[in-house]
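Just below is one structure, and these are the notes that go with it.
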C-alpha cells in the first residue's frame with residue numbers, strides 16, 4: 001500500500017529531477033552535462049542520479065525509490081554494524097541489536113518507500129562517521145581517500161550532512177594529531193581533496209539555488225508556525241519524535257540504561273556523542289524549519305548507544321533474551337503503525353496494555369491514500385487531451401490546492417511523466433494571485449479543504465472568483481475525490497487574436 005501513495009511536495013520534486021536526469025542520460029553526454037549544470041532540483045544530484053540510472057534502464061516505475069533505498073539499506077547495515085563492533089568489541093549481540101533497531105526504525109522504514117533524500121543521507125552519514133572512527137583514516141592515504149569519498153557522497157545528497165559529520169571528523173583529526181607526522185599530513189591532504197573537490201564542483205555552480213532553498217525554508221518555518229529557536233517548545237520538538245516515530249514509545253525507556261552507561265564510559269563512545277549532540281542542538285535551536293525527518297541521521301548513533309545497555313546484563317541467554325524482547329517490540333510497532341494490513345500481529349497490538357498510545361503509537365489504517373483515488377492521472381490525461389485538440393506553443397498550469405495528495409509538485413511530476421511541456425505555477429508563493437491567474441491556460445482546483453492553511457489562505461477566494469467567471473474559465477473535467485470534495489480542471493478562454 002505504501003508504494004502507491006500520491007507523491008507529496010518533496011517526493012514529486014525529487015522524482016521530477018530524476019526523470020529529467022534520466023532523459024538527459026539517454027540524450028547523450030552533452031545533454032546530460034547541460035542538465036547537471038542547470039540543476040532541475042535545489043538539492044545536490046547524487047540521489048537523483050542513482051534514481052535516474054534506474055529510470056534510464058528500466059523506465060519509470062513506482063517502486064524505484066524503494067529499490068534505490070535498498071542499496072542504501074545495505075550501506076546502513078554495514079556502517080552501523082561495523083561501528084557497533086568497534087565501540088562494543090566484546091559482544092556482537094550489542095552491535096547486532098543496535099543495527100537492527102536502527103534499520104527497523106518506523107520513521108526510517110516509512111521514508112524508505114519514498115523518493116526522499118533522508119534514507120540515503122542516514123546511510124552515508126553513518127558511513128562517514130565510521131570512516132572517522134577508524135584509526136587508519138588519517139595515517140594511510142588510501143584509507144583517507146575512502147573516508148573522503150564517503151564524506152563527499154553524504155554532502156552530495158543533502159547540504160545538512162555537514163551538521164552530522166563535522167564534529168566527528170574534527171574529533172578524528174585531533175585524536176590522530178595529523179600535524180605531527182608526514183604520513184598524517186599527507187593523509188589529511190588526500191582526505192580534504194576527496195571530500196571537498198566533488199561537492200565544491202557542484203555547490204559552486206549552484207550557490208544561488210542553495211540560497212533560494214535556505215530562504216524558502218526560513219519562510220516556510222514562519223508560515224508553518226514552527227517553534228521559535230531557544231524556546232521550550234523548540235527543545236521538545238525532536239524529543240517527541242524520539243518516542244513517537246523513531247522508536248516505539250516503550251522502547252525509548254529501554255534505551256536509557258545504554259545512554260547512562262555511555263555517559264560513564266564516554267571515551268569509548270565519544271564518536272557517537274560527537275555525532276549526536278552537536279547535530280541535535282543545531283537542529284533544535286539553530287535550524288528554523290523543523291521536520292521529524294531532519295533528525296533521522298543521528299538515529300543509528302542513538303540506537304547503538306541504547307543497545308549498549310545490554311552490557312549491564314549477564315552475557316548469554318539473559319542478554320540475548322533482552323535483545324530479542326527489544327526487537328520484538330520494534331516488530332510489533334510496525335503492526336501498530338500500519339493497521340489491519342499487518343494481519344494477526346496488528347490485532348495483538350489492540351489488546352490490553354499494548355493498545356495504549358504511550359506503549360505503541362497507533363496511526364489509522366486509512367492514513368495512507370492511494371494515487372488512483374486522487375485522480376491525478378485522469379486530470380493530467382484530460383489536460384493532455386485538451387492540448388491535443390487545441391495545441392499551444394507555451395502552456396501554463398495553475399494548481400490551487402496544496403494537499404499531500406494533490407499539490408503543484410505532484411502535478412508537475414505527472415506532466416513530466418506524460419512528456420507535456422508546461423510551466424506549473426504555485427499560488428502559495430504568489431504575491432498577487434490576480435496576476436498569476438491572468439496568465440494560466442489551465443487551472444486545477446478542488447472544493448472543500450485546500451490543504452496547508454499557511455499556503456492556501458487565498459484558495460477559497462480564488463475558487464469563488466473562478467466560479468463567478470464561467471465566461472473565462474470553462475470546466476472541462478470534474479472528478480470525485482476521497483475527502484468528499486470535487487476536483488476540477490478548468491480551461492481558460494482567451495480572446496481571439
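The values are calculated or read from the model by the stated rules, or taken from the named source; none is laboratory data. On a predicted model such as this, the values are computed, not experimentally measured, just so you know. Positions of Cβ are backbone-derived with ideal geometry, glycine not excepted, and every protein chain shown enters the neighbour counts.
Per the listing 177, 171, 228, the residue uniquely modelled with pLDDT of 90 or more and either out of contact with any strand residue (DSSP E or B) (no Cβ under 9 Å at 6 or more places or on another chain) or assigned by TED's automatic domain parsing to the domain that holds residue 130 (or both) is 171. Just to be sure, is residue 346 over 30 Å from residue 234 (Cβ atoms) and at pLDDT 85 or above? Considered against the rule, which asks whether it is over 30 Å from residue 234 (Cβ atoms) and at pLDDT 85 or above, residue 346 comes out as no. Residues that are assigned to a helix (DSSP H, G or I) and crowded, with 21+ Cβ neighbours inside 10 Å were ranked within segment 421-440; the one that is nearest to the chain's Cα centre (by Cα) is 428. The set of residues from segment 19-53 being under 22 Å from residue 150 (Cα atoms) and in a helix (DSSP H, G or I) comprises 36, 46, 47, 48, 49, 50, 51, 52, 53. From the list 297, 314, which residue is in a loop (DSSP other than H, G, I, E, B), modelled with pLDDT of 80 or more, in the same structural domain as residue 269 (by TED's automatic domain parsing) and more than 13 Å from residue 257 (Cα to Cα)? Of the residues listed, the single one that is in a loop (DSSP other than H, G, I, E, B), modelled with pLDDT of 80 or more, in the same structural domain as residue 269 (by TED's automatic domain parsing) and more than 13 Å from residue 257 (Cα to Cα) is 314. Run down 406, 415, 383 and say which single residue is buried (at least 18 other Cβ atoms within 10 Å of the Cβ) and not in a helix (DSSP H, G or I). Among 406, 415, 383, only 406 is buried (at least 18 other Cβ atoms within 10 Å of the Cβ) and not in a helix (DSSP H, G or I). Within segment 402-415, does at least one residue satisfy the condition of being free of Cβ contacts under 8 Å to residues at least 40 places away in the same chain, out of contact with any helix residue (DSSP H, G or I) (no Cβ under 8 Å at 6 or more places or on another chain) and within 25 Å of residue 469 (Cβ to Cβ)? No, because not a single residue in segment 402-415 is free of Cβ contacts under 8 Å to residues at least 40 places away in the same chain, out of contact with any helix residue (DSSP H, G or I) (no Cβ under 8 Å at 6 or more places or on another chain) and within 25 Å of residue 469 (Cβ to Cβ). Whenever a residue of segment 231-245 is farther than 13 Å from residue 290 by Cα, its partners that are at pLDDT below 80 and surrounded by 12 or more Cβ atoms within 10 Å (Cβ to Cβ), lying with C-beta atoms within less than 8 angstrom and at least six residues away or across chains, give the pairs 242/252; 243/249; 243/252; 244/361; 245/106; 245/361.
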